[in-house]
1. Taking THR201 as meeting all but one of (1) within 16 Å of the ligand (Cβ to nearest atom); (2) not assigned by TED's automatic domain parsing to the domain that holds MET303, write down the number of the exception.
2. Could you check ASN146 against (1) over 25 Å from the mean Cα position of the chain (by Cα); (2) in the same structural domain as ILE397 (by TED's automatic domain parsing) and say which number it fails?
3. Determine, yes or no, whether LEU297 is surrounded by 23 or more Cβ atoms within 10 Å (Cβ to Cβ), over 21 Å from TRP21 (Cα atoms) and touching a Leu at 6+ places or on another chain (Cβ under 7 Å).
4. Taking region 219-266 only, how many residues are among the small types (Gly, Ala, Ser) and on the phi < 0 side of the Ramachandran plot?
5. Identify the single condition in (1) among the acidic types (Asp, Glu); (2) surrounded by fewer than 20 Cβ atoms within 10 Å (Cβ to Cβ); (3) not in a loop (DSSP other than H, G, I, E, B) that ASP114 does not satisfy, given that it satisfies every other one.
6. Name the one entry in GLU467, GLU378 that is outside the structural domain of ILE30 (by TED's automatic domain parsing) and either modelled with pLDDT of 95 or more or under 17 Å from PHE336 (Cβ atoms) (or both).
7. List every residue pair whose Cβ atoms sit under 7 Å apart, with the two residues 6 or more apart in sequence or on different chains, where the first one lies in region 325-353 and is assigned by TED's automatic domain parsing to the domain that holds PHE307 and under 19 Å from ASN24 (Cβ atoms) and the second, anywhere, is more than 16 Å from the ligand (Cβ to nearest atom) and in a strand (DSSP E or B).
8. How many residues are part of a loop (DSSP other than H, G, I, E, B) and either within 16 Å of the ligand (Cβ to nearest atom) or not assigned by TED's automatic domain parsing to the domain that holds ALA211 (or both) if we restrict to region 256-282?
Amino acid sequence: MAKLLATFLLCTLAWGADPDWWRNAVIYEIYPRSFADTNGDGIGDLNGITEHLDYLKDLGVDAIWITPFYPSPQVDFGYDISNYEAIDPQYGTMADFDRLMREATKRGIRVVNDMVLNHTSDQHPWFKESKSSRKNPKADWYVWQNADAKGHPPNNWQSIFGHSAWQWDEKRKQFYYHAFYKEQPDLNWRNQAVRDAMYDTMRFWLDKGVAGFRLDAVPSLFEDVQLRDEPYLEGMDAYGERIVSRVYTDNLAEVHEVLRELRHVTNEYPGRVLIGETYLPNSLELAKMYGKNQDELHLPMDMQLGFLNKLSVADFRRKLFEAETQLNGNMPLFAFDNHDNMRSVDRYGDGVHNDAIQRLIATVLLTPRASALMYYGEELGMTTNTPTRVEDVQDPIGRIGWPKEKGRDGERTPMQWNNDANAGFGGTHKPWLPVGPNYKTVNVAVESKEPDSLLNYYKRLIKLRKENEQLREGEFVLTNEASETVLSYIRVTRDGKAVVVAMNFTSQPQAMSVDLSSRGVKGRHLKTLLASFPGAKEPDLGHITLPAFGSYVGQVEP
Ligand code: NOJ
């Protein structure tokens, strides 16, 4: 108890001292199942995270977001929660969590929990009670509907994970709605009791000192009350169904009312942050997620830039410009990688210049005016290791949708710590997913020793971003906007001091010059702060040369 109180006080003091810590922060996503296994069962655990906190401190991250580690049948590897206020024994105990919090806090690293609001597991006591009859105190906690006259589901809504979003329940003789797997019934967010219960679970973790939440599937919280059929779009999905638009099930206006309530709860505690998983079609919709009065999410994820999936200078420039001009001055949160998508190297790489392209992505992630989300292993150059046989697939969508949808196992392979058996992930037991084939050279131990490794590039970039005043506080201004080959911008502070960032988006060397005369920047000479390529000369604004996919960061010297 005394230890717990100490953690709470320590966190409250630490987080409260800098309530704006999340601005410009580097947040590192950990998929606990795949990070480090300390008890040798082939599955990562909380102690595995604690064991590697020094690595994370050295990397320079401000916070870790840990994907769900609560009790769960693990159908969706933790995103199907059966108890919001405990730890799944696979991942450890509450004492392990408290120790992780204490050790992270000691190192100045904040812990952000994942909070799944849209749905619970079908094994959660709330759902068990709700499905037990049509008349019980929780009968209306989920989205129940009668069958139509022919006994079919009430409409054509499709699960994001394939096939009808409605599942028949024999006991209630009704369907329930599930935006994801049928084992993940959607909660009824129009029921105030549901809201209050969820807010209490959040307070449980806030009381423990977590620095905030990454909120899962934010746009999915509400569905149309009239249950209107979704219009059909062209084509078939990976599961063999006609594609439906999601106008009646995605991003309904009522979401904002809940976000304001969530912010209200979070505001009871100093320095806590709400991060949103917000896949949205454009920046105007994204802007709404911050709230008209900055009273909704602190950091809704911008999934547009990182998931362009094409190295197009014009598209990158446009998305950066929108983030700067359409978010009402709020702090963007960029991400290129997560546990649901092929790793960025496999979406942006050309197979020849992958190393340079990874550094380019690191540079564009970490030098604009934005907070940044990283995903474990991104800093090493871990690649996607998609299963080649359906019998090896762990992620259920990979089995439901095989071979068109192979699931998300590929981006969830064990963290590559060293070149021992199992990449140092832990134990002798076979890890739950096979380690990536490049682990002998792409790993922490090897890359820590190579001064020019990708890992050291990330470290230098993060350090620079913290120490350099322009990268920390400067305005973001695009330059060379007509260029079809080079993306460049400056970060400039009021006193006219500027840092130039330039990235070659092509496989040909490019020479460029940057004209800053109209920006009130003094000086022409550039002092190289970081370059992704060896032998960067000390150039001036008139002569910057970049090799294939090269990235350059330099301070303009008066
Ligand atoms: C988004 C999570 O990132 C994903 O892994 C999960 O399957 C769905 N939400 C459902 O919770």
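1. With respect to (1) within 16 Å of the ligand (Cβ to nearest atom); (2) not assigned by TED's automatic domain parsing to the domain that holds MET303, THR201 is out only on (2).
2. Every listed condition holds for ASN146 apart from (2).
3. For LEU297, the condition - surrounded by 23 or more Cβ atoms within 10 Å (Cβ to Cβ), over 21 Å from TRP21 (Cα atoms) and touching a Leu at 6+ places or on another chain (Cβ under 7 Å) - is not met.
4. Of the residues in that region, 4 qualify.
5. (2)
6. GLU467
7. So the pair list comes out as MET331/SER371; LEU333/SER371; PHE334/ALA372.
8. Going through region 256-282, the residues part of a loop (DSSP other than H, G, I, E, B) turn out to be 267-272, 277-282.
Filter again for either within 16 Å of the ligand (Cβ to nearest atom) or not assigned by TED's automatic domain parsing to the domain that holds ALA211 (or both), leaving 277-280.
Summing the residues that are part of a loop (DSSP other than H, G, I, E, B) and either within 16 Å of the ligand (Cβ to nearest atom) or not assigned by TED's automatic domain parsing to the domain that holds ALA211 (or both) in region 256-282 gives 4.
The values are calculated or read from the model by the stated rules, or taken from the named source; none is laboratory data. Source: prediction; values computed, not measured. Because the Cβ atoms are built from the backbone with ideal geometry, glycine has one as well, and the counts that use them run over all protein chains shown.
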